[in-house]
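Participant: Structure in structure tokens, see below.
The values are calculated or read from the model by the stated rules, or taken from the named source; none is laboratory data. None of these values were measured; they are calculated from a predicted model. Cβ: placed from backbone, ideal geometry, glycine included. Neighbour counts: every protein chain shown. With ligands, DNA and RNA removed, areas are computed over all heavy atoms of the protein, side chains included. Shrake-Rupley method; radii C 1.70, N 1.55, O 1.52, S 1.80 Å.
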Amino acid sequence: MTMDATEPRGPQPAAPRAAHRHFLMCRPTHFAVTYAINPWMNPAAPVDQARAVAQWDTLRRTYLDLGHTVDLIEPLPGLPDMVFAANGATVVDGTAMAVQFRDPQRADEAPAYRAWLERAGFDVHDPKHVNEGEGDVLLVGDLLLAGTGFRTAHAAHAQLQEVFGRPVISLHLVDPRFYHLDTALCVLDDRTIAYLPEAFSPGSRAVLRRLFPDAVLATEADAVVFGLNSVSDGRHVVMPVQATALAAALRDRGYETIGVDLSELRKAGGGPKCCTLNVREKGTSE
Ligand code: ARG
């Protein structure tokens, strides 16, 4: 980039820094909507599986183009939601908490993700309660934000705190459309989040205001297109292309937004973040 000598040289906000990420994804080879475990799923509506794969592939390519590492787990037949890798575990600093799904339809995904993490050398702990992984557990700086109300049990939060040795902040989700924490709240960097206040109980809203007074507040219009189901590396935010107002708000804060279209996967109630598990190796705090 060249500098134009005539440009004003006042203090510029520092561009946010991008951190390298290691992601695990699962190709939607067996993707379908054959049951309904959230309000977005309608087994009677047609799903274009080939289109889902193409959209997912664009997401994977986007991460690779940003310089991130993407590992793949083998998709298993009969598990149409396995593409939602965020629900496969919570992984921080080389330690992994395996998952226990609320719904029997997804139960067999848990051992598959567990086995992948063991093979990859992570120290894997078994959940004692319903725990849907990074769908409900998000790391921001030194804190873990944990959702409850629909999927992950409140009791699971205490186990997460014990296993990871990081403070866990329990947040109560109240709108069935935003049934996982990652549909209502997005971590932008180790201090900043975006969220939809109405998706949380009054007490949880107050907690979020107290902890993150500078948070980006999303609108319902952004959230219903899964705008908060976005993936940030601290600088680039990969997000549903439909979430235009949120994208503009993020750009105002200095983030670079990259829109992707995951409209087929949305039919199962998922977006970019749902398809993406952060596998944080030992020595990487993020
Ligand atoms: N159909 C899946 C379910 O209801 C979607 C999971 C979305 N994943 C997420 N991390 N929000 O379980």
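Participant: For the stretch 134-286, report the accessible area per residue in Å² (1.4 Å probe, heavy atoms, rounded to an integer). List each step's numbers first, then the result.
Facilitator: Working: 5500 Å² over 153 residues.
For the stretch 134-286, the solvent-accessible area averages 36 Å² per residue.
Participant: Then there's this: In debye to the nearest 20, how big a dipole does the stretch 72-142 give about its Cα centre with +1 on each Lys and Arg Cβ and -1 on each Asp and Glu Cβ?
Facilitator: Details: 5 positive and 13 negative charges, 29 e Å.
Here the stretch 72-142 has a charge dipole of around 140 debye.
Participant: Using R₀ = 22 Å, calculate the FRET efficiency as 1/(1 + (r/R₀)^6) where r is the Cβ-Cβ separation of Thr219 and Arg191; round to 0.05.
Facilitator: Details: r = 22 Å, r/R0 = 1.01.
With R0 = 22 Å, the Cβ-Cβ based efficiency is 0.50.
Participant: Taking K and R as +1 and D and E as -1, what net charge do the other residues with C-beta under 13 Å from the C-beta of Ala215 add up to? Write down the numbers at each step before the final one.
Facilitator: Details: positive: Arg191, Arg205, Arg209, Arg210, Arg253; negative: Asp189, Asp214.
Around Ala215, the surrounding residues sum to +3.
Participant: Sticking with this structure for a sec: Roughly how big is the chain's charge dipole about its Cα centre, with Cβ charges of +1 (Lys, Arg) and -1 (Asp, Glu), in debye to the nearest 20? Intermediate values should be presented prior to the final figure.
Facilitator: On the way: 27 positive and 35 negative charges, 50 e Å.
Rounded to the nearest 20 debye, it is 240 debye.
Participant: Need one number: % antiparallel among DSSP beta bridges in the stretch 192-286, to the nearest 5. Spell out each step's value before the answer.
Facilitator: On the way: 2 of 9 bridges.
Close to 20 percent.
Participant: Which value, in debye to the nearest 20, describes the size of the charge dipole of the stretch 196-286 about its Cα centre when Lys and Arg Cβ atoms bear +1, Asp and Glu Cβ atoms bear -1, and nothing else is charged? The partial results should precede the final answer.
Facilitator: Numbers: 11 positive and 11 negative charges, 55 e Å.
The calculation lands at about 260 debye.
Participant: Still on this structure, please answer the following. What full-extension length gain, to one decimal in nm, is calculated for Arg209 and Thr29 as 0.36 nm per residue of separation minus the Cα-Cα distance? Before the final figure, lay out each step's value.
Facilitator: Values: separation 180, 0.36 × 180 = 64.80 nm, distance 4.07 nm.
Gain on stretching Arg209 to Thr29: 60.7 nm.
Participant: Under 20 °C and 1.002 mPa s, how fast does the chain diffuse according to Stokes-Einstein, given a Kirkwood radius computed over C-alpha pairs? Answer in µm²/s, whole number. Please list the in-between numbers first.
Facilitator: Details: Rh = 19.0 Å.
Calculated translational D: 113 µm²/s.
Participant: Follow-up question, since we're still on this one. What net charge is computed for the residues neighbouring Leu171, neighbours being all others with C-beta under 10 Å from the C-beta of Leu171, Lys and Arg scored +1, Asp and Glu -1? The partial results should precede the final answer.
Facilitator: On the way: positive: Arg205; negative: Asp136.
Residues near Leu171 contribute 0 overall.
Participant: Restricting to bridges with both residues inside the chain, how much of the DSSP beta-bridge set is antiparallel, in percent to the nearest 5? Don't skip to the end; give the middle numbers.
Facilitator: Details: 16 of 35 bridges.
Counting DSSP beta bridges with both partners in the chain, the antiparallel share is about 45 percent.
Participant: Moving on to the next point. How big is the stretch 1-150 by Rg and Dmax over its Cα atoms, in Å?
Facilitator: 19.2, 64
Participant: Just the Cα atoms of the stretch 190-245, one point each, no solvent: what log10 I(q)/I(0) does Debye give at q = 0.12, 0.27 Å⁻¹?
Facilitator: With one equal scatterer per Cα and no solvent, log10 I(q)/I(0) is -0.28, -1.15.
Participant: While we're on this one: Calculate, for Ala248 and His20, the FRET efficiency according to 1/(1 + (r/R0)^6) with r their C-beta to C-beta distance and R0 25 Å; round to the nearest 0.05. Don't skip to the end; give the middle numbers.
Facilitator: Details: r = 27 Å, r/R0 = 1.08.
Working from the Cβ atoms, E equals 0.40.
Participant: Something else: Taking the Cα centroid of the stretch 165-243 and of the stretch 261-286, what is the distance between the two, rounded to the nearest whole Å?
Facilitator: Value for the Cα centre distance between the two parts: 14 Å.
Participant: Here's another thing I want to ask about it. State in Å² the accessible area per residue of the stretch 18-112; use a 1.4 Å probe, count heavy atoms of protein chains only, and round to the nearest integer.
Facilitator: Numbers: 3790 Å² over 95 residues.
Roughly 40 Å² per residue, with all protein chains present.
Participant: Ordered by packing density, taken as the mean number of other Cβ atoms within 10 Å over each peptide's residues, highest first, how do 167-176, 267-276, 218-227, 44-53 rank?
Facilitator: Details: 167-176: 17.5, 267-276: 26.1, 218-227: 20.8, 44-53: 13.1.
The packing order, highest mean first, is 267-276, 218-227, 167-176, 44-53.
Participant: Quick one: pull the percent of accessible area on the chain belonging to carbon and sulfur, 1.4 Å probe, ligands and nucleic acids left out.
Facilitator: Working: 6450 of 12320 Å².
Exposed carbon and sulfur together represent 52 percent of the surface.
Participant: A further question on this structure: According to the square roots a ≥ b ≥ c of the eigenvalues of the Cα gyration tensor, what is the shape class of the stretch 74-151, taking rounded for a/c under 1.5, prolate for a/b larger than b/c otherwise, and oblate for the remainder? Don't skip to the answer; put the middle values down first.
Facilitator: On the way: a/c = 1.87, a/b = 1.20, b/c = 1.56.
Judged from the Cα gyration tensor, the stretch 74-151 comes out oblate (a/c at least 1.5, b/c at or above a/b).
Participant: Test of understanding: what is the full-extension gain from Ala107 to Arg61, defined as 0.36 nm times their sequence separation minus their Cα-Cα distance? All intermediate terms of the calculation are to be shown ahead of the outcome.
Facilitator: Values: separation 46, 0.36 × 46 = 16.56 nm, distance 2.89 nm.
Stretched out fully, the Ala107 to Arg61 stretch lengthens by 13.7 nm.
Participant: Working out 0.36 nm times the residue gap between Ala54 and Glu162, then minus their Cα-Cα distance, what length gain in nm do you get to one decimal? Kindly include the intermediate steps, with their values, before the conclusion.
Facilitator: Working: separation 108, 0.36 × 108 = 38.88 nm, distance 3.99 nm.
Working it through step by step, the gained length comes to 34.9 nm.
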